[in-house]
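Contents: one structure, followed by commentary.
The values are calculated or read from the model by the stated rules, or taken from the named source; none is laboratory data. Not measured: the values here are computed from a predicted model. Note that each Cβ is placed from the backbone with ideal geometry, even for glycine, and that neighbours are counted across all protein chains shown. In case anyone asks, the SASA skips ligands and DNA or RNA and just uses the protein heavy atoms, side chains included. Shrake-Rupley method; radii C 1.70, N 1.55, O 1.52, S 1.80 Å.
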Amino acid sequence: MKIMRKYAIVAVLVAGVAGLSVRANADTLLSLPAGYFNKPAVIAGAKLFARHCSACHSVQSLRFNRLASLGMTKAEIQKDVMLESGANYLQGMQPAMTLAQAKGWFGMPPPDLSHMVRNLGAGFIYNYLQSFYWDPSRPSGWNNHLFPKVAMPNVLQPWSGIVTKQGKVIEPGRVTPAAFHKKVADIVAFLRYASDPSVFTRYKLGGYVLGALIAFSLIAYWLKKEYWKDVHSDSAKHKK
Amino acid sequence: MATFGDWLNKRFPLRELMREHLTEYFAPKNFNFLYYTGSLLLLMIVLQFVTGFLLMAHYVPTSQDAFASVQGIMYDVRWGWLIRYMHVDGVSLIFVLLYLHIGRGMLYGSYRKPRELLWIIGYTIYILMMGEAFLGYVLPFGNLSYWAGMVITSIIHSVPFVGPALSTLARGGAGIGTATLERFLALHAVLWFWILAAAIFIHILALHQVGSNNPDGIEIKDTKGADGHPLDGIPFHPYYTVKDIFGVGVWLTIFAAIIFYAPTMHGVFLERTTFSPANPMVSLPDVTPPWYLAPFYAMLRAVPNKMAGIVLMAVAVVLPFFLPWLDRSPVKSSRYRPVYRIMILVMAVTFFTLAWVGEQPPLPKYFLLERAGAAIYVGFYLLLPIISRWEPTRKVPDRVTS
């Protein structure tokens with residue numbers, strides 16, 4: 001319930017930014033599966049992102065070579081993430097589309113996604129990507145429950161299928177809903193990593209640092225106890 | 001080594017300083033956990049200085065590159081993320097400590113004679129710290145930085161007569177831009193910081209002149225032994241140095257847990273809107289200050305009139321300066337003042353309620369809470385001179401209780 005409320009708040013916030021009202025029903029919001037965020041999911045998400053998102057969206061802050069720290073080889077990154085776009089291995093992820101094309105097609109350049117998860121929340125993006133519905137009145141033919149009148153079309157249509165606003169399925173997706181959820185969760189996992197690439201180092205290092213500090217505290221406590229013996233015994237108060 | 005020590009001490013009063021401030025500085029023996037906050041604050045300030053220096057080595061104070069340079073620290077600089085999280089989370093933790101430290105002073109009457117000046121210097125440090133935090137807050141130039149900068153400098157703008165000129169001076173022009181970032185960086189890292197550091201130094205000197213208060217609010221100097229040392233006092237070194245080392249261990253464990261596992265503290269220590277670049281075209285639906293400034297912001301919003309709101313906020317910030325003279329009770333510590341004890345409790349709850357409500361969007365449903373909070377906050381200081389005169393007190397023991 002708490003998580004639902006958080007998503008609802010974020011949704012309101014986003015709508016506020018866009019100056020629009022939100023019609024999404026909080027009951028329909030999905031929760032990210034527990035444990036969706038791990039290295040294999042991030043790698044899978046990076047590959048999906050490259051195929052479905054990076055034509056339009058940049059991830060400026062994340063350099064391709066950073067993915068090597070996840071355990072990917074350079075060849076793998078070049079083949080599966082950089083594709084044939086001619087991108088630079090040492091540079092941040094740039095969209096295939098030029099700024100002029102973006103302005104012509106969507107009216108504005110699609111946002112950079114480097115910090116989007118920290119900006120809007122992983123849960124919001126997970127739901128947003130699964131909230132597209134068919135709306136012939138929109139230029140792209142798509143509208144979104146969570147972000148009404150968004151310029152982005154439903155690029156995940158092959159998986160999600162085509163659904164009307166009321167939820168009527170016009171064309172089913174090519175994959176099962178469970179597989180669709182998994183793919184979107186992987187993309188969200190990648191974006192979460194992209195917004196905070198120190199995360200796996202932090203989690204791993206944190207244990208050692210905390211262990212060392214707890215050990216230090218225990219020794220310090222023992223030292224304090226030893227010294228304070230004479231204060232508590234009250235006899236050697238003025239011992240120097 | 002002894003000969004080197006002699007050589008040195010003829011030229012520099014090292015032994016004398018050690019004696020005066022450590023080995024023969026007598027502190028009450030009944031300190032509780034709230035007395036860790038002073039040494040921890042000192043530690044945190046030093047950490048801010050070190051991490052700030054490292055951040056500055058990679059930061060570019062221009063409207064064009066500030067956001068990208070900070071992200072460069074997070075993504076590309078080796079250990080940059082650790083340094084920045086330490087610096088950012090360090091601010092929130094400093095304010096946690098400051099509120100405990102100030103709250104302790106109120107709880108045990110540490111602002112009373114002879115510590116009035118100590119209290120005033122300390123409270124000045126708190127105000128300087130708010131300024132320092134604000135200046136630093138604008139530097140990463142996220143969208144929140146931009147709009148927070150606009151809001152605060154527009155408050156300066158409302159100062160009668162000199163306001164417009166002052167806000168232009170603060171911004172370095174009509175709007176927030178490169179000139180603002182450059183002067184904010186210079187202030188944050190040099191002038192303001194060193195004034196703050198000097199104030200902390202004076203605070204410690206003043207403390208060592210009057211001696212520490214304690215949870216019982218008893219002057220240990222009133223009961224001295226045959227050797228001229230307070231009977232309830234123990235030398236700061238080694239007793240409190242070893243105790244504070246333990247405090248440092250526990251505190252750093254908490255600090256590390258936050259840095260490594262929840263560096264944004266779910267958007268409280270590092271807000272969501274700091275993760276999009278500054279954009280004058282995209283105004284935020286509600287610009288809320290960081291949690292540690294939010295109580296005053298809530299009071300600002302409690303009044304619909306801008307000028308009146310600013311006056312109320314200024315009064316709320318200034319009132320604690322007068323605390324030493326507003327309190328008329330013969331007893332210091334709330335341990336022996338049941339009514340005052342309840343007042344402090346209500347005040348603490350009110351303050352953190354105001355902090356919470358100050359973070360909420362400006363909706364009518366919060367107005368009542370904001371106004372009630374502001375009334376209780378101001379009421380505490382206005383009623384204290386009256387209540388402290390007649391409130392019943394319990395008998396204060398002659399010696400500290402342990």
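Residues to consider are B:LEU34, B:LEU54; find the one that is closer than 27 Å to B:LEU185 by Cα, surrounded by 14 or more Cβ atoms within 10 Å (Cβ to Cβ) and at pLDDT 95 or above.
B:LEU54
Among the numbered criteria (1) in a helix (DSSP H, G or I); (2) modelled with pLDDT of 95 or more; (3) of a type in the set (Lys, Arg), which one does B:LYS332 miss?
(1)
Out of B:ARG371, B:ARG389, B:ARG335, B:ARG328, report the one residue that is in contact (Cβ under 8 Å) with a residue 12 or more places away in the chain, of a type in the set (D, E, K, R) and touching a Phe, Trp or Tyr at 6+ places or on another chain (Cβ under 9 Å).
Within the list B:ARG371, B:ARG389, B:ARG335, B:ARG328, the selection yields B:ARG335.
Need the failing condition index for B:GLU271 against (1) of a type in the set (Asp, Glu); (2) closer than 22 Å to B:GLU359 by Cβ; (3) touching a His at 6+ places or on another chain (Cβ under 9 Å), just the number.
Tallying (1) of a type in the set (Asp, Glu); (2) closer than 22 Å to B:GLU359 by Cβ; (3) touching a His at 6+ places or on another chain (Cβ under 9 Å), B:GLU271 fails exactly one: (3).
Which one of A:GLY167, A:GLY141, A:GLY173 is open to solvent by less than 20 Å² (accessible area, probe 1.4 Å), farther than 30 Å from A:LEU70 by Cα and more than 10 Å from every other protein chain (Cβ to nearest Cβ)?
A:GLY141
Would you be able to tell me the number of residues in the stretch B:236-252 that are within 7 Å of chain A (Cβ to nearest Cβ), open to solvent by less than 30 Å² (accessible area, probe 1.4 Å) and closer than 18 Å to B:VAL46 by Cβ?
1
Checking B:ARG171 against (1) in contact (Cβ under 8 Å) with a residue 40 or more places away in the chain; (2) crowded, with 21+ Cβ neighbours inside 10 Å; (3) in contact with a Ser or Thr (Cβ under 6 Å, 6 or more places away or on another chain); (4) not β-branched (Val, Ile, Thr), only one condition comes out false. Which one?
(1)
Looking at the stretch A:109-165 only, could you name the residues that are basic (Lys, Arg), touching a residue at least 12 places away in the same chain (Cβ under 8 Å) and not in a helix (DSSP H, G or I)?
Scanning the stretch A:109-165 gives A:LYS149, A:LYS165.
Which is in a helix (DSSP H, G or I) and either surrounded by fewer than 19 Cβ atoms within 10 Å (Cβ to Cβ) or in contact with an Asp or Glu (Cβ under 6 Å, 6 or more places away or on another chain) (or both), of B:LEU382, B:LEU312, B:LEU323, B:LEU354?
None of the others qualify; the one that does is B:LEU382.
For the stretch B:182-235, how many residues meet the condition of being charged (D, E, K, R) and buried (at least 19 other Cβ atoms within 10 Å of the Cβ)?
Summing the residues that are charged (D, E, K, R) and buried (at least 19 other Cβ atoms within 10 Å of the Cβ) in the stretch B:182-235 gives 2.
Residue by residue, here is whether (1) facing chain A (nearest Cβ under 10 Å); (2) without any contact (Cβ under 8 Å) to a residue 12 or more places away in the chain; (3) touching a helix residue (DSSP H, G or I) at 6+ places or on another chain (Cβ under 9 Å); (4) on the phi < 0 side of the Ramachandran plot holds:
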site	(1), (2), (3), (4)
B:PHE260	yes, yes, yes, yes
B:GLU271	yes, no, yes, yes
B:PRO277	yes, no, yes, yes
B:LEU293	no, no, yes, yes
B:ALA298	no, no, yes, yes
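Going through the stretch A:186-236 one residue at a time, which ones are of a type in the set (Gly, Ala, Ser), facing chain B (nearest Cβ under 7 Å) and over 17 Å from the mean Cα position of the chain (by Cα)?
A:GLY206, A:SER217, A:ALA220
Sort out which residues of the stretch A:71-113 are open to solvent by less than 60 Å² (accessible area, probe 1.4 Å) and either β-branched (Val, Ile, Thr) or not assigned by TED's automatic domain parsing to the domain that holds A:TYR128 (or both), and write them in order of number.
Listed by number, the residues that qualify are A:ILE77, A:VAL81.
I'd like the full set of residues that are of a type in the set (A, V, I, L, M) and part of a helix (DSSP H, G or I), limited to the stretch A:60-102.
Listed by number, the residues that qualify are A:LEU67, A:ALA68, A:LEU70, A:ALA75, A:ILE77, A:VAL81, A:LEU99, A:ALA100, A:ALA102.
For the structure I just gave you, tell me whether B:ILE152 is modelled with pLDDT under 95, within 28 Å of B:TYR85 (Cα to Cα), open to solvent by 40 Å² or more (accessible area, probe 1.4 Å) and of a type outside the set (D, E, K, R).
For B:ILE152, the condition - modelled with pLDDT under 95, within 28 Å of B:TYR85 (Cα to Cα), open to solvent by 40 Å² or more (accessible area, probe 1.4 Å) and of a type outside the set (D, E, K, R) - is met.
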